[in-house]
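First up is the structure itself, then whatever we jot down about it.
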Amino acid sequence: MSRGQGEVQDEVRGAAALQVRYRPPRTRAAVVTLHGGRADSHQTSRPWHLAALRMRPVLRAAASAVSPQDVLLAQVRYRHRGWNQGDPAEDACRALGELSRLVGEVPVVLVGHSMGGRAALRAAAHPLVAGVVALAPWLPPGEPTEHLRGVPFVVLHGDRDRVTSAPDSVAYVRRARARGARAGAVLIRGGDHAMLRRPALWHEVTAGIVADLLRPDGPPGSGPAAESWASGAALEL
């Protein structure tokens, strides 16, 4: 007999928002990924959905740029597949709270794709967040930036994305900069929404930015993060 909708919802409500993929002997920092989804859907989010699977190579790329001795790797488990007025951002904050209880207060870099990029940026004001990498994020006009003052982040967007808008991402970065954020934008020439075109470049740049954001003494004066912050316009790669 199949379970009722109420039973499934109870299961989702009781599930952890943080899914740890790797925990080192001593945790100094963490990288947490957030996958994409839909504008509106209360369907239960599952780890075998394509949007979730798409982030596995991204997390592996980020892992290659940090120390396996002290950097925890994890992903956010959403309650639902849809944005639904901000559900994934709430899930991200729940995951950060669970992480704090698990390993203490450590700096965290959030790496989000599409809807997950929007959620990561919404959650960027959380005290654990050391920076955000937003990949092809969904950032509609009017998306708030006031909470990003002092937060370092970089947006990567393909110039052939037909799902989310690269111009909207660049406009978001400009608004965030005006609010005091340390924000940068990188345009991937020929890049699509699913990051299937030029995947090695997507992964290389993401890994470099994550490494920059997690340096103990802060990002250096050169590298993908610093270059995007220093540029008055979006970098093109």
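The values are calculated or read from the model by the stated rules, or taken from the named source; none is laboratory data. Not measured: the values here are computed from a predicted model. Neighbour counts are summed over all protein chains in view; Cβ atoms, including those assigned to glycine, are modelled from backbone coordinates with ideal geometry. Side chains included, ligands, DNA and RNA excluded: accessible areas come from the protein's heavy atoms. Shrake-Rupley method; radii C 1.70, N 1.55, O 1.52, S 1.80 Å.
Structural remarks
- If the condition is being of a type in the set (D, E, K, R) and open to solvent by 40 Å² or more (accessible area, probe 1.4 Å), then the stretch 32-72 contributes Arg38, Asp40, Arg46, Arg54, Arg56, Arg60.
- Filtering the stretch 132-151 to residues that are buried (at least 24 other Cβ atoms within 10 Å of the Cβ) and either of a type in the set (D, E, K, R) or under 16 Å from Val58 (Cα atoms) (or both) leaves Val132, Val133, Ala134, Leu135, Ala136, Pro137.
- Residue within the stretch 205-215 that is open to solvent by 40 Å² or more (accessible area, probe 1.4 Å) and in contact (Cβ under 8 Å) with a residue 24 or more places away in the chain present: no
- Every residue from the stretch 73-87 that is open to solvent by 10 Å² or more (accessible area, probe 1.4 Å) and either touching a residue at least 24 places away in the same chain (Cβ under 8 Å) or part of a loop (DSSP other than H, G, I, E, B) (or both): Leu73, Gln75, Arg77, Arg79, His80, Arg81, Trp83, Asn84, Gln85
- Selection within the stretch 88-124 - surrounded by fewer than 21 Cβ atoms within 10 Å (Cβ to Cβ) and over 13 Å from the mean Cα position of the chain (by Cα): Glu90, Arg94, Gly97, Glu98, Ser100, Arg101, Leu102, Val103, Gly104, Glu105, Val106, Pro107
- Entry remark, the stretch 15-31: residues being open to solvent by 60 Å² or more (accessible area, probe 1.4 Å), more than 25 Å from Pro199 (Cα to Cα) and touching a strand residue (DSSP E or B) at 6+ places or on another chain (Cβ under 6 Å) number 1 in total.
- In the set (1) open to solvent by 20 Å² or more (accessible area, probe 1.4 Å); (2) assigned to a loop (DSSP other than H, G, I, E, B); (3) not charged (D, E, K, R), the condition left unmet by Ala171 is number (2).
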